[in-house]
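J.: Just passing along the structure, written as structure tokens.
Laboratory data are not the source of any read-out in this text; all were calculated from the coordinates shown. Please read all numbers here as calculations on a predicted model, not as lab measurements. Cβ placement follows ideal geometry from the backbone for every residue including glycine, while neighbour counts extend to all protein chains displayed.
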Amino acid sequence: MSHLFLTGFMGAGKSTVGRLVAERLGRPFIDLDSLIEERESATVSELFRMRGEDGFRLAEHDALASLGAQPDAVIATGGGVVLREDNRVVLPQLGVVVYLAVTPEEVIARLGDAADRPLLAGAGLPAARAILDARLSLYTSTSDHVVDTVGRSPELVAADVVAAVSGAPSGVSADLRVDSHAGGGYGIFVAPGALDSLGIRVRGELGRVHVVLVSDETVFGLFGSAATASLEAAELRVSTCLVPPGEMSKSWTVAGGLLEEFAAHGADRGSCVVALGGGVVGDLAGFCAATYMRGIPVVQVPTTLLAQVDSSIGGKTGVDLAAGKNLAGAFWPPKLVLSDTAVLGGLPGAEWTNGLVEAAKAALLEGEDALARFESRVGGLLARDPVTVQAAVAEAAAFKAGIVSADLREADVRECLNLGHTLGHALEVTAGYDTLPHGLAVAEGMRFAAVIAERELQASPGLTTRTGGLLDALGASHEVFVDRVAAAASALTPEAILHAMKSDKKARAGVVRFILVERPGLWRVVPVDDVTVLELLAGWRSFLDREV
């Protein structure tokens, strides 16, 4: 059973749009209010008058439940269908839910005095605002897709609905959740075009807040207007703070300047930071949100593949120190992660590789089935096929959401996500952040860890070959790594790399620790003594010397 439900406030156009969508999809159309009237032999207004709102809602629930025996249809629901918790459970069980977003002002413009609407008749704009504010979070949390209707024709809205429900790959959930005991959890929404729903979702989650939009100059030039327009359409006040692009912005100096800007814009504990950008912006903005006034909400809107599959999820925030990457920071879970896979198409090749390596790492950690699926998608990912990309992002995000839900503060199972990062972070620090892309550094770290796993865990050499072959296919081969570090190779001595490893937050009591994979899905944290690490690094360095 897979009905298509249209939800939304009165006046959103559910019935009009629903008929158009049903025609385009070749499905029957059902108006839930009409179905209720048929079943109860009374109009909606009469039911409200005779039974009150509670009595009407019960009749509405019974009508909704009856749809389980009906052929797949497009169904326009009533504006209050989301008020009952049992309805919010039934809707996703019976099909896909699309929320048609509308503002109170647009509702009044469309309905006039709303004389035939029992909850709104004669009450005007203040009542519309109050009712929509009370329901907005229910609409957004129940929906699989959000489509804006303000100032748009029913035909355009219907086209967007059809595109939304047709574009999601079968079997891949676009709505995920991190269950956090500390902060009540948060949602992760993955879909092409998700940026258009930013304002509605922020307002639904946090209310009519003052938004401090943090981005870098490059990303804001590409997506800043769309993000700002979406936020302002939801009647949110927006202040913008821009930082230079690149890892060097993750510094005390830039963070301090950003915090001063928050204060200058009048941000308070009722404000919210929206981080629009890649991992640098997400880490930096999240860190500033965690420390400003001892913590204000942050919403992550990742615009790189790496950020969508990894860094935006989990609440790790931070800045770099001279001694190492991310050594100053806080665990500060976001209130929402909104990943628009449609923005990824124009990423530079190095950024694409960064994200592919992290997604491959997740698949290897998840297990054989996940790794095989990822390997089968390599061609589509390299071609940036939208459906393949969305599937890969959703699966990697789901894996990390599960890990983070089990271990918010990296005290146990979450440590597996550091696979490849023990050497990778040390290489980034030693070679220079602007020299070596994160993906190439982690890929080299994964190859290095695979060699140690053969030695320490008797892992199969076949897994080392398989891992290396996958990384090669993704554009993160050892040869590409060598080309990028050639100019900085003299700095990559075993002693310097060991020093960077021991300064990294993954070390314990001065002992370097590696995540080692015995087979897909089975990993261990293994401490390795300095003598052994230096011996392994000396062998790695000799191999590098022959190639540089």
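J.: Taking the Cα atoms only, what angle lies between the long axis of helix 85-94 and the longest principal axis of the chain, rounded to 10 degrees?
T.: So the inclination is approximately 70 degrees.
J.: A further question follows. Between [x] 25.6; [y] 32.0; [z] 51.5, which entry matches mean projected area of the Cα convex hull in nm² as derived from the coordinates of this structure?
T.: [x]
J.: Go through 353-362, 77-86, 197-206 and give me the packing order, highest mean Cβ count within 10 Å leading.
T.: Ranking, from highest mean packing down: 353-362, 197-206, 77-86.
J.: Can you list the HN-Hα couplings for the stretch 301-315, worked out from phi with the Karplus curve (6.51, -1.76, 1.60; θ = phi - 60°), rounded to whole Hz and with x for Gly and Pro?
T.: Running phi through 6.51 cos²θ - 1.76 cosθ + 1.60 with θ = phi - 60° gives 10, x, 10, 10, 4, 4, 5, 6, 8, 9, 5, 6, 9, x, x Hz.
J.: Could you work out how far helix 349-366 tilts from the main Cα principal axis of the chain, as a 0 to 90 degree angle to the nearest 10?
T.: Approximately 90 degrees, to the nearest ten.
J.: Quick one: which residues, 5 or more positions from residue 73 or on another chain, have an amide H under 5 Å from its amide H? H modelled 1.01 Å from N in the peptide plane, none for Pro or chain starts.
T.: 3, 4
J.: What is the stretch 419-547's relative contact order, in percent, from Cα pairs under 8 angstrom and six or more apart in sequence?
T.: Relative contact order of the stretch 419-547: 28 percent.
J.: If you place +1 on the Cβ of every Lys and Arg, -1 on the Cβ of every Asp and Glu, and leave all else neutral, what size is the dipole of the chain about its Cα centre, to the nearest 20 Debye?
T.: It works out to roughly 540 debye.
J.: Let a ≥ b ≥ c be the square roots of the eigenvalues of the Cα gyration tensor of the stretch 3-167; is it rounded (a/c under 1.5), or, if not, prolate (a/b larger than b/c) or oblate?
T.: On the way: a/c = 1.55, a/b = 1.09, b/c = 1.42.
Note, shape of the stretch 3-167 comes out oblate.
J.: Cross-link list 335/502; 335/505; 316/502: which exceed 23 angstrom alpha carbon to alpha carbon? Before the final figure, lay out each step's value.
T.: Working: 335/502 33 Å; 335/505 26 Å; 316/502 20 Å.
Where the Cα-Cα span goes over 23 Å, the pairs concerned are 335/502; 335/505.
J.: Do the sum for the chain: with -39,500 (n - 2.57) for every DSSP H run of n ≥ 4, divided by all residues, what is the mean residue ellipticity at 222 nm, to the nearest 500 deg cm²/dmol? Show your work: numbers first, answer last.
T.: Numbers: 20 runs with 273 residues, N = 548.
Theoretical 222 nm ellipticity from helices: -16000 deg cm²/dmol.
J.: Using the beta-carbon distance between residue 141 and residue 208 and R0 = 22 Å, what value does 1/(1 + (r/R0)^6) give for FRET efficiency, to the nearest 0.05?
T.: 0.80
J.: May I ask you to derive the relative contact order of the stretch 190-261, considering only C-alpha pairs under 8 Å and at least 6 residues apart, and to give it as an integer percent? Can you show the working numbers first?
T.: Numbers: 72 pairs, mean separation 25.9, N = 72.
Relative contact order comes out at 36 percent.
J.: Okay, moving on. Among 214-220, 300-306, 530-536, how do they line up by average Cβ neighbours within 10 Å per residue, starting with the highest?
T.: Working: 214-220: 21.1, 300-306: 29.1, 530-536: 14.7.
So the order, starting with the most tightly packed, is 300-306, 214-220, 530-536.
J.: Please work out the FRET efficiency for the pair residue 330 and residue 2, using the Cβ-Cβ distance as r and a Förster radius of 45 Å; give the result to the nearest 0.05.
T.: Efficiency for this residue pair is about 0.60.
J.: Just to confirm the number: angle between the C-alpha axis of helix 279-291 and the first principal axis of the chain, 0 to 90 degrees, nearest 10?
T.: The angle comes out at about 70 degrees.
J.: Another question, then. Under a Cβ-only charge scheme (Lys and Arg +1, Asp and Glu -1), can you give me the dipole magnitude of the stretch 419-547 about the Cα centre, in debye to the nearest 20? Spell out each step's value before the answer.
T.: Details: 13 positive and 16 negative charges, 90 e Å.
Using only the charged Cβ atoms, the result is roughly 440 debye.
J.: When a/c is below 1.5 the answer is rounded, else prolate if a/b is larger than b/c, else oblate, so apply that to the stretch 419-547 with a ≥ b ≥ c taken from the square roots of the Cα gyration tensor eigenvalues.
T.: On the way: a/c = 1.59, a/b = 1.10, b/c = 1.45.
It comes out oblate by the Cα gyration axes.
J.: How would you rank 99, 292, going from fewest to most other Cβ atoms within 10 Å of each one's own Cβ?
T.: So the ranking, lowest neighbour count to highest, is 292, 99.
J.: Placing unit charges on C-beta atoms (Lys and Arg positive, Asp and Glu negative, everything else neutral), compute the dipole magnitude of the stretch 175-364 about its Cα centre in debye, rounded to 20. Walk me through the intermediate numbers first.
T.: Details: 12 positive and 18 negative charges, 91 e Å.
Taking the Cα centre of the stretch 175-364 as origin, the dipole is about 440 debye.
J.: Once label points are set 7 Å from the Cα along Cα→Cβ at both residue 49 and residue 269, what is their separation, rounded to one decimal in nm?
T.: 4.9
J.: List the residues, sorted by chain then number, that are 5 or more residues from residue 512 or on another chain and whose placed amide H is less than 5 Å from its amide H.
T.: Residues meeting the criterion, in which the H sits 1.01 Å from N, are 528.
J.: Under 1.5 on a/c is rounded, so check that first for the stretch 175-364, then, if it is not, pick prolate when a/b is larger than b/c and oblate when it is not; a ≥ b ≥ c are the square roots of the alpha carbon gyration tensor eigenvalues.
T.: Values: a/c = 1.29, a/b = 1.09, b/c = 1.18.
It comes out rounded by the Cα gyration axes.
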